[in-house]
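**Q** Supplied in C-alpha cells, the structure appears directly below.
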Amino acid sequence: MTEPQWLDEEAGPIVRPYALTGGRTRSSGDDFDLISLVTAVVGRQADEAALGPEQRRILAIAQEPMSVADIASEMDLPLGVVRVLLGDLHDHELISVRPPAQVAPLPSERILKEVINGLRAL
Amino acid sequence: MAYAPSEEPVALKILVAGGFGVGKTTLVGAISEIRPLRTEEVLSDRGVGVDDVDGVEGKTTTTVAMDFGRITIREGLVVYLFGTPGQERFWFMWDELSYGALGAVVLADTRRLTDCFPSIDYFEQRGTPFIVAVNCFDGADKHEPDDVRVALDLDPDVPVLLCDVRRRASAKVVLVTLVEHALKTLTAAQRK
C-alpha cells in the first residue's frame, strides 16, 4: 500500500513535512491522542476540491476505526503533520475521533483479562 | 463495519522504556509487527534549555523516531506498544506517550542499571503501573530479580523478572506480567 515517495535518502524529504499543512503547525487536532480512534464519517460527502491528496488518503485509511499512530505510520508522515491534517478533517466533520478507552473510564477487568489470554495465545 | 455499543473498538497503550540500547526495539519487534513512527517536533519553548541549537539557528524542527507495534487481540481490541525515545532531550514526548497508558515495561541492563532510573522515577511519580524486565545480555552476569529490586529501591509490589527480549516467548511473559500487574492495580484502586 506504500505509495511512491519523493524521497532522497541523503537529502531527506524533498517537500518539507509542514508544507503539506500550508506551514501550519497547530490545529484543533493537537490534542488527539496517539491511540485515539479515527473513523471517516459515513455518508459525509467531502468537497473533493477542498481536500488535499493526503487528507483524501486519510479518509480512505479511516473507513474502519484507525488510531492516529497507525495513520501516521501508514502515511509515513510525522505525527505533527498528521495531527494538523486530522484537525482540518475534524473541523469539517469528515471524521469522528474517539479518545482511548482507558483515559476515562478505565478499561474493564473483563477487557484486561481478555488481553492477558490473548497475549498468552500469541 | 458496525459495532454494537458494548463492542466499540478498544485500543490500549503499553510503553516500553529504558536506556539507550537496552533492547526496546528488539522487544517490540519480538512480539508485534513493528513499524516506524516519526514525529517532527517544532522547536518551541518546550525545546528551550533542552535542545542546544547554537549554530543551527535555522533549524526549527527536530525529528524523533519511535518504535511502534500493534498486537491485535481480536477484532476491535488492539494493544499498541510504544518504545519511548531513550535520549533525555526527548522528555517532552513522554507526557504525551504516557497519558492514558495502561502501563509500562522498564527494560534494564544490569551492566548499566542507572540508565533506567529516570524511567522508574517518571512512572512512580505519574502513578503509571510498571514492571522491571531485566534483559539478560550474553556475557552479562546473571542477577537475581531480588538483587535488582534492592538496587533499584523498588516498592515490593512492583514485579521484577528476567527476560531475553530476542525470544518471542520471553517477550510474551513480559507483557502478560505487566497487564496482570495493571489489572491488580486497577482492582486494588476500585476497592478503595
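**Q** Quick one: what are the phi-derived ³J(HN,Hα) couplings along the range B:179-188, Karplus 6.51/-1.76/1.60 with θ = phi - 60°, whole Hz, x for glycine and proline?
**A** 5, 5, 5, 5, 5, 5, 4, 5, 5, 5
**Q** Now for a separate question. Round to the nearest 0.05 the FRET efficiency obtained for A:ALA19 and B:GLN125 when R0 = 51 Å and r is the Cβ-Cβ distance.
**A** Numbers: r = 39 Å, r/R0 = 0.76.
Taking R0 as 51 Å, the efficiency between A:ALA19 and B:GLN125 is 0.85.
**Q** Could you let me know the centre-to-centre spacing of the range B:67-140 and the range A:65-80, using Cα atoms, in angstrom?
**A** Cα centroid to Cα centroid, the span is 21 Å.
**Q** Peptide B:67-74: average number of partner chain Cβ atoms within 10 Å per residue?
**A** Working: counts 0, 6, 0, 5, 4, 2, 9, 3.
The per-residue average across the peptide is 4.
**Q** 7 Å from Cα along Cα→Cβ at both B:ALA65 and B:GLU144: what's the point-to-point distance in nm?
**A** 4.1 nm
**Q** Would you mind computing, in nm to one decimal, how far apart the modelled labels at B:THR187 and A:ILE61 are, each placed 7 Å from Cα along Cα→Cβ?
**A** Placing both labels 7 Å beyond Cα along the Cβ direction yields 3.8 nm.
**Q** Also, quick follow-up: Taking θ as phi - 60°, what are the ³J(HN,Hα) couplings along the range A:21-28 by the Karplus curve (6.51, -1.76, 1.60), each to the nearest whole Hz, with x for Gly and Pro?
**A** Running phi through 6.51 cos²θ - 1.76 cosθ + 1.60 with θ = phi - 60° gives 10, x, x, 7, 10, 10, 7, 5 Hz.
Every number in this text was worked out from the coordinates using simple rules, so none of it is lab data. Only a predicted model underlies this, so the values are computations on that prediction, with no experimental measurement involved. Counting neighbours? That spans all protein chains shown, and the Cβs are built from the backbone with ideal geometry, glycine included.
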